[in-house]
Amino acid sequence: MSDFPDVRVITHPLVQHKLTLMRQKDLSTSSFRRLLGEISKLMAYEVTRDMPTTLTEIETPLETMLSPVIEGRKTVFVVIMRAGSGFLDGMLDVVPGARVGHIGLYRDPKSLVAVEYYFKMPGEMHERDAIVLDPMLATGNSAVAAVDRLKETRPRSIRFVSLVSAPEGIRTFQAAHPDVPIYTAAIDRQLNEHGYIVPGLGDAGDRMFGTK
Ligand code: URA
C-alpha cells in the first residue's frame, strides 16, 4: 500500500517505460522533449477520465442519435513556467479546445518566498476545470503558491499533474490544498540537500530546453 493513497499514480506500462528512458542522464534534449510530449498525452487520458460530457444530437448515416461530447473549452491547462510548458502540447493534442493559462513564479533568494512575475488566465474561470501542469513536484512550495493564486480566480475544479513527485512535496501540497487531487507517474524516494528529487531525472527545464 502506498504512503499516499490519495495520489493517483499513473502506472500504465507505456508511461513507466517512457519515464525510465527520460531518467537516463545521457538522453538527448530532443529525445527528452519527445518523450515528455508522448507521456503527457498518455497522462491526459487518466487526468481527464471523469470529465463531464453532455449529450448532443447527431446524424449517423443511418439515423439520429444522442451521443456524448466533452466541452473542451471548459478545460484550462495552467502551465507553471517554465518546465510546465513541456507538458502542454501533448495535453492540447488530446483536448484541442482547451484554454491555456500561465503562472510564473521565482523563489526570492533571501526570503525563499515564491514571488509571482507572471499570471494570465482566460476569462470566465468559474466555468472552467483547471489542470495545473508542472513536471516536478519537489518541495511543493511553488505548486502551493501557484494553486493559492489560481484559487483567487475561482475555477470550477482544480487538478495538479506532475511527472515525478517527492514525498516532501506531496505532503506540503496536500496540507495546503487537500481538495486538489495530484496525478503523477512516480513518487520518488526524497529530496536531496539542493532541492532535487532523487533518483529523479535532474532539472526538467534544463533537460527539456538544453540549458544548464
Ligand atoms: N525541479 C526539477 O526540475 N528537478 C528536480 O529534481 C526538482 C525540481
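The values are calculated or read from the model by the stated rules, or taken from the named source; none is laboratory data. Here the structure is a predicted model, which means the values were calculated and not measured. Cβ coordinates were reconstructed from backbone atoms using ideal geometry, including for glycine residues, and neighbour counts include every protein chain displayed.
Close contacts from segment 102-120, counting a first residue that is touching a residue at least 24 places away in the same chain (Cβ under 8 Å) and a second that is among the basic types (Lys, Arg) and in a strand (DSSP E or B), with Cβ to Cβ under 6 Å and a gap of 6+ residues or different chains, come to 102/120; 114/107. Out of curiosity, is residue 142 over 20 Å from residue 23 (Cα atoms), among the hydroxyl-bearing types (Ser, Thr, Tyr) and within 14 Å of the ligand (Cβ to nearest atom)? Considered against the rule, which asks whether it is over 20 Å from residue 23 (Cα atoms), among the hydroxyl-bearing types (Ser, Thr, Tyr) and within 14 Å of the ligand (Cβ to nearest atom), residue 142 comes out as yes. Only a single criterion out of (1) in contact (Cβ under 8 Å) with a residue 12 or more places away in the chain; (2) touching a strand residue (DSSP E or B) at 6+ places or on another chain (Cβ under 8 Å) is not satisfied by residue 45, namely (2). Looking only at segment 10-46, residues that are closer than 14 Å to residue 164 by Cβ, buried (at least 17 other Cβ atoms within 10 Å of the Cβ) and of a type in the set (A, V, I, L, M, F, W, C) come to 9 in all. Of the residues making up segment 39-75, those that are assigned to a loop (DSSP other than H, G, I, E, B) and of a type in the set (D, E, K, R) number 4.
Just to check your reading of the model, which residue among 133, 163, 137 is more than 11 Å from the ligand (Cβ to nearest atom), within 14 Å of the chain's Cα centre (by Cα) and closer than 30 Å to residue 13 by Cβ?
Every option except 133 fails the conditions.
Hey, any hits in segment 165-177 for a residue that's assigned to a strand (DSSP E or B) and either touching a helix residue (DSSP H, G or I) at 6+ places or on another chain (Cβ under 6 Å) or modelled with pLDDT under 95 (or both)? No, segment 165-177 has no match at all. Flag set for residue 98, criterion: surrounded by 17 or more Cβ atoms within 10 Å (Cβ to Cβ), more than 16 Å from the ligand (Cβ to nearest atom) and modelled with pLDDT under 95.
You will find that of 172, 211, 184, the residue that is more than 8 Å from the ligand (Cβ to nearest atom) and touching a Leu at 6+ places or on another chain (Cβ under 7 Å) is 184 and no other. Of the residues making up segment 169-176, one or more are surrounded by 18 or more Cβ atoms within 10 Å (Cβ to Cβ), more than 16 Å from residue 48 (Cβ to Cβ), hydrophobic (A, V, I, L, M, F, W, C) and in contact (Cβ under 8 Å) with a residue 40 or more places away in the chain. Inspect segment 138-157 for any residue being in contact with a Ser or Thr (Cβ under 9 Å, 6 or more places away or on another chain), hydrophobic (A, V, I, L, M, F, W, C) and within 21 Å of residue 50 (Cα to Cα) and give the result as yes or no. No; the residues of segment 138-157 include none that is in contact with a Ser or Thr (Cβ under 9 Å, 6 or more places away or on another chain), hydrophobic (A, V, I, L, M, F, W, C) and within 21 Å of residue 50 (Cα to Cα).
If you scan segment 187-208, which residues turn out to be in a strand (DSSP E or B) and more than 8 Å from the ligand (Cβ to nearest atom)? Give the steps one after another, and end with the answer.
Going residue by residue through segment 187-208, those that are in a strand (DSSP E or B) are 187, 190-191, 197-198.
187, 190 - these are the residues of segment 187-208 that are in a strand (DSSP E or B) and more than 8 Å from the ligand (Cβ to nearest atom).
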